[in-house]
Structures are given as structure tokens and as C-alpha cells.
1. Determine, yes or no, whether Leu159 is free of Cβ contacts under 8 Å to residues at least 60 places away in the same chain and in a strand (DSSP E or B).
2. Looking only at residues that are in contact with a strand residue (DSSP E or B) (Cβ under 8 Å, 6 or more places away or on another chain) and in a loop (DSSP other than H, G, I, E, B) in segment 23-57, which one is surrounded by the most Cβ atoms within 10 Å (Cβ to Cβ)?
3. So which of Thr20, Thr60, Thr9 ends up being at pLDDT below 90 and surrounded by 10 or more Cβ atoms within 10 Å (Cβ to Cβ)?
Amino acid sequence: MRIAVDGETFTPLQVQVWSTSDTAETPALEVGYTDVSFATPDDAVLSFSAPAGAEVVEETVSLPAEGDAPTEHTPPETVGEGWESVVIIDDMDIEGLLAGDPEALADAAGSHPMPGSDSGQELMEEFMSDSEGNHGPPSLDAAALYEQLTTEVPEGRVLSTSLLSALITDDGRVLIGSVPVETLQEMA
């Protein structure tokens, strides 16, 4: 990994990440500024005017009341250290997630209601649902996309890039790490 930092402001300007399994000169991931200014922007840059014909609806989303903590989820298990760490998530309802089942979505690790109030959650659900109340984009076939992006292996299905591997087992476990697929298969 290489990080470029501005010498005066110590602001990160570019991040490049290479895969350990690829000796190419081109990074697997590269994010950076092509032009940057540290001058304070004019206030006019931050002004917004709705386009002609648009309906503007102002919504007040209250902060959570003291003591209204989000539902506690058991953190996933992590095996290994550093770059060899693997996160293991148990009991994922993959079929339910692919079908857009609201119960499976609610049970998925890390899926919490929008922090704040009931009105904040309602607003989020409005943006995430179609006119019939279905979650997610109605034209997306999640099961077909899952089949296309993953490869079948004896343990289930695997998604692998030069930086990350994920194994979705037939028994509902998900193993994710910056390790070779074979490592995940051995752990399954």
C-alpha cells in the first residue's frame, strides 16, 4: 500500500493498493485527487436551488432519545491477525437476502435501522422501496447477479478479487478476508 500525503497540510491525496498475489506495476485499487485546492470555498458553492418543477419537502428527523440504543448484534468472529484476518459471519439467510425478504434483511449482520427516530426510519424506507413496498431496485435480479458474480465450490459459492475473497457456505456462513480462496475453504 502506498499513501501520498501533502507535505504542508498532511492531507492524504492518493492511496494505491497492490495485491500480494499480483506483481503487476498497476495497483489493484487507486484513489486520488487529480486537482486539489486548500482554499476555503465561497459560500455560494454550497447554496442549493431546486430545479424548476421540483417539489421540495422538508423533513425533520429527530435525534434518538437518551437510552434508545440501537439493537445489539453479536459481532462476527474474527480469526487471524493483520492482513491474514478472516471475518466469519454465522447464520446468514442467503436465499432470503437474495429474495429481498425484509426479515432476512433485518437479521443481516450490521443492518440497523437508521439512527434517529421513527420518522427517520420511515424516510429511509421510502427511498429504499418501490411503489409496492418492495425493498431495493425492482429491476435487479439479485439471485442472477449472485450466480454471475460467484463461482460454485464444494463448500458453497466464492467471490474472489485480487484484494478480497468471500466464501458463502451452503450452511449459511460467510467467510471474508484478504486471503486466498483456499484459506477460506480450509477454514470452512
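1. For Leu159, the condition - free of Cβ contacts under 8 Å to residues at least 60 places away in the same chain and in a strand (DSSP E or B) - is met.
2. Filtering segment 23-57 down to residues in contact with a strand residue (DSSP E or B) (Cβ under 8 Å, 6 or more places away or on another chain) leaves 27-33, 36.
When the remaining residues are screened for being in a loop (DSSP other than H, G, I, E, B), the result is 27-28, 33, 36.
Working: Pro27: 18, Ala28: 16, Tyr33: 12, Val36: 10.
The residue in question is Pro27.
3. Within the list Thr20, Thr60, Thr9, the selection yields Thr20.
Table: residues versus (1) of a type in the set (A, V, I, L, M, F, W, C); (2) surrounded by fewer than 16 Cβ atoms within 10 Å (Cβ to Cβ); (3) under 19 Å from Asp91 (Cβ atoms); (4) touching a Ser or Thr at 6+ places or on another chain (Cβ under 6 Å).
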{"site": "Glu147", "(1), (2), (3), (4)": "no, yes, no, no"}
{"site": "Glu152", "(1), (2), (3), (4)": "no, yes, no, no"}
{"site": "Leu167", "(1), (2), (3), (4)": "yes, no, yes, no"}
{"site": "Leu175", "(1), (2), (3), (4)": "yes, no, yes, no"}
{"site": "Val181", "(1), (2), (3), (4)": "yes, no, no, yes"}
{"site": "Met187", "(1), (2), (3), (4)": "yes, no, yes, no"}
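The values are calculated or read from the model by the stated rules, or taken from the named source; none is laboratory data. Please read these numbers as outputs of a predicted model, since none were measured by experiment. FYI the Cβ positions are ideal-geometry reconstructions off the backbone, even for glycines, and counts take in every protein chain you see.
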